[in-house]
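Asks: Provided herewith is a single structure, encoded as structure tokens, for subsequent inquiry.
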Amino acid sequence: MLIGVPKEIKNNEFRVGMTPESVASARAHGHQVMVETNAGIGIGADDDEYRQVGAEIAGKAEDIFARADMIVKVKEPQAGERAMLREEQILYTYLHLAPDPKQTADLVNSGAVCIAYETVTDSFGGLPMLKPMSQVAGRLSIQAGAFALEKSHGGRGVLLGGVPGVQPAKIVIIGGGVVGFNAAQMAVGLQADVTILDTNPYTIEKLNHFFGNTAKVIHSNKQALHDIVIDSDMVVGGVLVAGSSTPKLVTRDMLRNMRDGSVLVDVSIDQGGCFETSKPTTHAEPTYIIDGIVHYCVANMPGAVPRTSTYALNNATLPGLLAIADKGWRQALGDDEHLLHGLNVCQGKVTYKAVAEELGYTYVDAHEML
């Protein structure tokens with residue numbers, strides 16, 4: 001199979017779909033790999049490094065989309081990239097379709113086979129291709145929030161850990177999953193006053209056992225959420241409903257009761273965000289202010305640390321990539337029910353139920369496409 005790796009073009013996106021090591025693995029399986037020139041420069045891998053492991057270097061993305069059997073990316077294809085997709089061509093990347101009707105329509109019209117990292121499952125009930133980026137984003141959320149809390153960036157001027165004799169910042173983390181857990185680890189490590197909200201009794205028990213008296217773990221309900229959020233210095237939104245838009249848990253009314261200069265960090269923004277006032281931002285312009293509250297809603301947070309993120313992502317995505325290349329997409333997905341869960345759009349059909357329901361498409365069971 002000819003695998004194509006275009007350079008990412010989303011604002012300040014420096015990750016790349018395949019590392020040189022991943023290319024070497026694909027070559028060892030007998031596959032050809034085309035990499036767009038300078039695609040790996042953001043992770044410190046130049047064209048020569050890719051050539052040394054057997055990749056062909058393409059001068060422009062159009063060459064890759066025109067020839068490759070499978071396109072391997074990191075972020076969802078932008079409008080110009082979607083226009084180049086071909087019928088039956090495989091697209092293997094993050095998609096986050098539920099809050100993005102325009103992208104969904106373009107993928108449906110392309111006739112391509114679109115496999116989304118974020119809905120691939122594992123035998124433990126997890127999302128193994130989303131997990132590494134959720135770990136990165138969760139940890140970054142505290143760094144980003146601390147930066148935004150500085151007075152020169154619009155914040156209250158609060159140091160997360162305080163100092164002896166001065167109270168630390170109050171950090172609220174909504175959602176105790178992978179994002180929330182990693183955010184809490186960082187916040188606790190900086191000696192902030194940390195509260196984690198979740199609704200799952202098992203998650204609450206697990207978090208309470210892990211953090212002990214270093215973080216408060218609270219069962220989330222409307223009143224508890226309201227009371228804790230309005231008394232916070234920073235709120236991290238780490239809520240995920242796989243494949244669906246995220247519920248809006250923090251309302252505009254809550255903002256009016258928060259202290260000016262408090263910070264919201266919406267890690268859920270790829271799926272629409274969990275704050276009513278959230279809108280996607282970029283690394284170039286990461287924040288905006290509504291009702292005195294600083295919002296950080298960067299839609300590709302892990303892109304800020306591309307080398308760490310790319311290697312972590314490739315660890316998770318390479319086995320599926322090789323299975324698809326070795327067997328063809330039908331057999332690979334037919335042999336692996338967990339990989340099949342990643343099939344979101346296929347040959348003009350929406351094959352992921354939550355996306356179909358969210359955007360008004362007729363749902364077609366993925367098994368029917370094999």
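The values are calculated or read from the model by the stated rules, or taken from the named source; none is laboratory data. Owing to the predicted nature of the structure, the values given are computational and were not obtained by experimental measurement. Cβ coordinates were reconstructed from backbone atoms using ideal geometry, including for glycine residues, and neighbour counts include every protein chain displayed.
Asks: Considering only residues that are of a type in the set (Ser, Thr, Tyr) and either modelled with pLDDT under 95 or within 18 Å of ALA316 (Cα to Cα) (or both), which ones fall in region 91-145?
Replies: Going through region 91-145, the residues of a type in the set (Ser, Thr, Tyr) turn out to be 92-94, 104, 110, 117, 119, 121, 123, 134, 141.
Passing the criteria: TYR92, THR93, TYR94, TYR117, THR119, THR121, SER123, SER134.
Asks: Which one is farthest from HIS31 (Cα to Cα) among residues in region 59-88 that are acidic (Asp, Glu) and in a loop (DSSP other than H, G, I, E, B)?
Replies: GLU76
Asks: A follow-up question, please. Between VAL305, VAL263, VAL267, VAL298, which is more than 29 Å from ILE41 (Cβ to Cβ) and touching a residue at least 60 places away in the same chain (Cβ under 8 Å)?
Replies: Result: VAL263 is the single residue among VAL305, VAL263, VAL267, VAL298 that is more than 29 Å from ILE41 (Cβ to Cβ) and touching a residue at least 60 places away in the same chain (Cβ under 8 Å).
Okay, residues lined up against (1) touching a residue at least 60 places away in the same chain (Cβ under 8 Å); (2) aromatic (Phe, Trp, Tyr):
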position: ILE3; (1), (2): yes, no
position: PHE14; (1), (2): yes, yes
position: MET18; (1), (2): yes, no
position: VAL33; (1), (2): no, no
position: GLY42; (1), (2): yes, no
position: ALA45; (1), (2): no, no
position: ASP48; (1), (2): no, no
position: GLU56; (1), (2): no, no
position: ASP63; (1), (2): no, no
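Asks: Identify the residue in region 40-58 that is assigned to a loop (DSSP other than H, G, I, E, B) and either small (Gly, Ala, Ser) or assigned by TED's automatic domain parsing to the domain that holds GLY243 (or both) and, among all such residues, is surrounded by the most Cβ atoms within 10 Å (Cβ to Cβ).
Replies: Selected residue: GLY40.
Asks: List pairs: first in region 206-222 and touching a residue at least 40 places away in the same chain (Cβ under 8 Å), second surrounded by fewer than 15 Cβ atoms within 10 Å (Cβ to Cβ) and part of a loop (DSSP other than H, G, I, E, B), Cβ under 6 Å, 6+ apart or cross-chain?
Replies: SER220/THR199
Asks: Within region 237-257, is there a residue that is within 26 Å of GLN191 (Cβ to Cβ) and touching a Pro at 6+ places or on another chain (Cβ under 9 Å)?
Replies: Yes, the conditions are met somewhere in region 237-257.
Asks: Taking the condition in contact (Cβ under 8 Å) with a residue 24 or more places away in the chain and farther than 20 Å from LYS73 by Cα, does ILE293 pass?
Replies: In short, yes.
Asks: Right, here's the next one. Considering only region 82-119, how many residues are over 29 Å from PRO247 (Cα atoms) and surrounded by fewer than 23 Cβ atoms within 10 Å (Cβ to Cβ)?
Replies: 9
Asks: Considering only region 276-285, I want to know if a residue exists there that is surrounded by fewer than 16 Cβ atoms within 10 Å (Cβ to Cβ), modelled with pLDDT of 95 or more and either over 30 Å from ALA187 (Cβ atoms) or not assigned by TED's automatic domain parsing to the domain that holds GLY175 (or both).
Replies: No, that holds for no residue.
Asks: Report, by residue number, each residue of region 226-262 that is aliphatic (A, V, I, L, M) and crowded, with 20+ Cβ neighbours inside 10 Å.
Replies: VAL229, MET234, VAL235, VAL236, VAL239, LEU240, LEU249, VAL250, MET254, LEU255, MET258, listed by residue number.
Asks: Scan region 1-39 for residues that are crowded, with 20+ Cβ neighbours inside 10 Å, in a loop (DSSP other than H, G, I, E, B) and of a type in the set (Ser, Thr, Tyr) and report the count.
Replies: Matching residues across region 1-39 total 1.
Asks: Please find, within region 161-174, the residue that is nearest to ALA148 (Cα to Cα) out of those that are out of contact with any Asp or Glu (no Cβ under 6 Å at 6 or more places or on another chain) and touching a residue at least 40 places away in the same chain (Cβ under 8 Å).
Replies: Across region 161-174, the extreme among qualifying residues is ILE171.
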